[in-house]
1. Return yes when residue 19 is free of Cβ contacts under 8 Å to residues at least 60 places away in the same chain, surrounded by 14 or more Cβ atoms within 10 Å (Cβ to Cβ) and either touching a helix residue (DSSP H, G or I) at 6+ places or on another chain (Cβ under 8 Å) or not in a loop (DSSP other than H, G, I, E, B) (or both) and no when it is not.
2. Looking only at the stretch 29-60, which residues are surrounded by 13 or more Cβ atoms within 10 Å (Cβ to Cβ), part of a helix (DSSP H, G or I) and more than 12 Å from the chain's Cα centre (by Cα)?
């Protein structure tokens with residue numbers, strides 16, 4: 001039902017996340033906490049997702065805590 005991403009797709013998503021974090025780092029220091037939380041949550045989802053299955057569902061099935 002859900003497809004696993006290829007290794008190149010996973011690596012490119014993680015490179016994108018690192019670059020996004022580096023570009024946004026100066027901005028993160030000056031934006032309000034609610035927008036900062038949204039952006040870091042988006043970056044976490046990009047980093048952790050390895051298939052088309054929603055991240056919360058895969059964590060729930062494995063019993064893995066978020067942190």
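Bear in mind these aren't lab numbers, they're just calculated from the coordinates by the rules spelled out. These numbers come from a predicted model, not from an experiment. Every residue, glycine as well, gets a Cβ built from its backbone with ideal geometry; the counts of neighbours run over all protein chains shown.
1. Working: free of Cβ contacts under 8 Å to residues at least 60 places away in the same chain: yes; surrounded by 14 or more Cβ atoms within 10 Å (Cβ to Cβ): no; either touching a helix residue (DSSP H, G or I) at 6+ places or on another chain (Cβ under 8 Å) or not in a loop (DSSP other than H, G, I, E, B) (or both): yes.
No, not satisfied.
2. Across the stretch 29-60, the qualifying residues are 36, 58, 59.
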